[in-house]
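Visitor: Below is a structure I'd like to ask you about.
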Amino acid sequence: MYRVINLNYFKSYKNCLVLFIIAVLSMTLLFSILIGLKAHPDNIYDIRVLGSSATIVEQTKQQAENTRNKLGTDQSSESYLTEYEAAVWYLINTLRVSNGLAALQANISLTDISRTRSSDMMSRNYFSHYTPDGKNVFNIMREFGVQFSAAGENLAQAIPADIGTPEAFLDAWMNSPTHAANILQAKFGTIGIGMIENGDKRVVTTVFKN
C-alpha cells in the first residue's frame, strides 16, 4: 500500500509537473509572439522639414497630378517592388486614401535605400535608425543623391519572421503615434519599401519623402 500510494503520488506529481511545463511553454510562446513583432520606438520618426513652404506647396500640386488614380500607378517603380513590398505599399496607400490623403508613389531610389537599410541591419545585427557608424536615413538619402524637404523613416522587425506579415507591421505602426504620423503625413508624396529576411528574422524599412 505504501508503494502504491507513493507511486500514485509521483504519478500525480509527474502529471502536475508536465502540466506546469506545458503552461510555462505556452506562456513563453505567447510572450514571444507578443514581443517578437515590434516597431522601432526611437524618436527619429519625427519629420524633418528642411525646405520652404513654397517648395512644399509646389510638391503638393505635383502630388495631385500624380495621384489621379488614387492608389498610384508608376508602373516602372511599382514593378520594382517585390510581392511583399508591394503588399505593404498597397496597405499604406489604402489607409491614406481612406483618410482623405493622396496615395504615395513608389520610388525606385527610396526602395533601394530602404533595402540597403534593412540589409545593413540584418547583416550587422542591429535595429536602429542610426547605423553603427552613426549615420541615419537622411545622411544615406543625401549619399544616394536624393533631394528632399520633408522625409521620414519607419522600421519594423519580426522574430520569428513569419509573424511579420504586411498587415501585422501596419497594425504595429498605426498603434504608434510617431509611426502613424509618417504614414498619414500629407507632405509626403513618395515612398520606398525594403524587406529583408534570413529565415528567423524579418526587417522592413519604409522611407518617405515629399
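The values are calculated or read from the model by the stated rules, or taken from the named source; none is laboratory data. Keep in mind that what you see is a predicted model, and the values were worked out from it rather than measured. As a convention, Cβ positions derive from the backbone with ideal geometry for all residues, glycine included, and neighbour counts pool all protein chains shown.
Visitor: Given the criteria in a helix (DSSP H, G or I), over 19 Å from Thr82 (Cβ atoms), acidic (Asp, Glu) and modelled with pLDDT under 95, does Asp171 qualify? Even if it seems obvious, please write down each step before you answer.
Guide: On the way: in a helix (DSSP H, G or I): yes; over 19 Å from Thr82 (Cβ atoms): yes; acidic (Asp, Glu): yes; modelled with pLDDT under 95: yes.
For Asp171, the condition - in a helix (DSSP H, G or I), over 19 Å from Thr82 (Cβ atoms), acidic (Asp, Glu) and modelled with pLDDT under 95 - is met.
Visitor: From the list Glu143, Glu153, exactly one residue is among the acidic types (Asp, Glu), under 15 Å from the mean Cα position of the chain (by Cα) and in the same structural domain as Ala87 (by TED's automatic domain parsing). Which is it?
Guide: Of Glu143, Glu153, the one residue that is among the acidic types (Asp, Glu), under 15 Å from the mean Cα position of the chain (by Cα) and in the same structural domain as Ala87 (by TED's automatic domain parsing) is Glu153.
Conditions (1) in a helix (DSSP H, G or I); (2) assigned by TED's automatic domain parsing to the domain that holds Gly199; (3) among the basic types (Lys, Arg), marked per residue:
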position	(1), (2), (3)
Leu95	yes, yes, no
Arg117	yes, yes, yes
Ser128	no, yes, no
Pro132	no, yes, no
